[in-house]
């Protein structure tokens, strides 16, 4: 299993999405978390599984139920860095500046 780090801003986005679903229904929030964890495991098992989307960034879409969300991540020598938990209908590449900060921090 490949090491996976998560950018602090991505952690905040994950918590925000979970909290949003929690306001709707606790089971829905748990399901979102399960989808996220399932895709995170897949990334850890095979970091090159998902297609390149932008430069060296890959995106795993949380399908089927939460297809509006994705995990934007990059593969480094030390492992995987999750850059963002992105929503498809919001600014698609707002997180690009995180790429440079992960090269030295994570």
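Taking every DSSP helix (H) stretch of at least 4 residues in the chain, weighting each as -39,500 (n - 2.57) and dividing the sum by the residue count yields a mean residue ellipticity at 222 nm of -14000 deg cm²/dmol.
Between residue 75 and residue 27, the simple label model (points 7 Å from Cα in the Cβ direction) yields a spacing of 3.8 nm. In terms of packing, defined here as the mean over residues of other Cβ atoms within 10 angstrom, the peptides 33-39, 78-84, 50-56, 4-10 line up highest first as 78-84, 4-10, 33-39, 50-56.
Between (i) -0.79; (ii) -0.96; (iii) -0.66, which matches log10 I(q)/I(0) by the Debye sum over Cα atoms at q = 0.16 Å⁻¹ calculated for the structure shown? For log10 I(q)/I(0) by the Debye sum over Cα atoms at q = 0.16 Å⁻¹, the calculated option is (iii). Under the criterion of Cα pairs below 8 Å and six or more residues apart, the relative contact order for the chain equals 30 percent.
Readers should treat all values here as calculations from the given coordinates under stated rules, not as data from a laboratory. In this text the structure is predicted, and so the values were computed from the model without any measurement. Heads up, the Cβs are rebuilt from the backbone with ideal geometry, glycines too, and the neighbour counts pull from every protein chain shown.
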